[in-house]
Amino acid sequence: MTERRKPEPVQVVKQRRDGALRRLIGGVPYISFLGIEFDRRGDELTALLPYRADLIGNPQIPALHGGATAAFLEVTAIIELSWSLLWEEMESGQLDPATIDGAHLPRLPKTIDFTVDYLRSGLPRDAYARARVNRSGRRYASVHVEAWQDNRSRLFAQATGHFLMPDRDG
């Protein structure tokens with residue numbers, strides 16, 4: 001009869017997963033350039049784009065630059081898609097979060113197309129976004145992203161992206 005391994009304390013598991021997410025995000029220099037942060041609650045990620053004056057595109061309104069908004073949405077989609085794959089592998093025991101380091105980061109999905117709907121001007125304040133993976137297969141994935149500022153029900157932008165998935169075998 002084999003002995004069951006004693007489960008690790010929840011805080012140890014949480015610290016490993018948070019570390020894996022930090023290393024995933026740290027592997028993309030553009031994320032730190034934009035100042036994007038991610039908050040993890042279980043398997044759900046919320047992206048934060050802290051307000052900076054240099055993100056304003058039109059100082060007359062003032063409004064967030066459309067390119068900064070699109071980049072924020074695309075980064076959120078790619079990280080959510082990558083995290084959902086890592087999460088599955090961590091939950092199934094195929095991947096130990098401690099093994100994800102700078103030298104062994106998973107390859108990121110490549111954007112096929114990305115369509116942004118600008119629903120209203122992004123105001124000079126923090127912005128938040130969440131992505132939902134609509135479909136994720138071996139070769140292709142579809143992701144929807146929504147961004148808001150003060151009120152989650154008042155979106156200022158949303159996007160849909162299609163991504164080429166990295167080869168998971170090597």
I'd like the orientation of helix 66-92 relative to the chain: the angle between its Cα long axis and the longest Cα principal axis, in ° from 0 to 90, rounded to 10. 10 degrees
Relative to the longest principal Cα axis of the chain, at what angle does helix 10-26 sit, 0 to 90 degrees, rounded to 10? 50 degrees
Only four residue types carry charge here, +1 at the Cβ of Lys and Arg and -1 at the Cβ of Asp and Glu. Report the dipole size of the chain about the Cα centre in Debye, rounded to the nearest 20. 180 debye
Considering just Cα atoms, how many Å³ per residue does the convex hull of the chain enclose? 134 Å³
What list of ³J(HN,Hα) couplings, whole Hz, do you get for the stretch 144-155 from phi and the Karplus terms 6.51, -1.76, 1.60, once you set θ to phi - 60° and write x for glycine and proline? 10, 10, 10, 10, 9, 10, 8, 10, 4, 7, 10, 5
Taking 8 Å as the Cα distance limit and 6 or more residues as the minimum spacing, I'd like the relative contact order of the chain as a percentage. 23 percent
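Read-outs throughout are calculated quantities, based only on the coordinates presented, and are distinct from any laboratory measurement. Because the structure is a prediction, the values reported are computed rather than measured. A quick note on method: Cβ atoms are made from the backbone with ideal geometry, for glycine too, and the neighbour counts reach across all protein chains shown.
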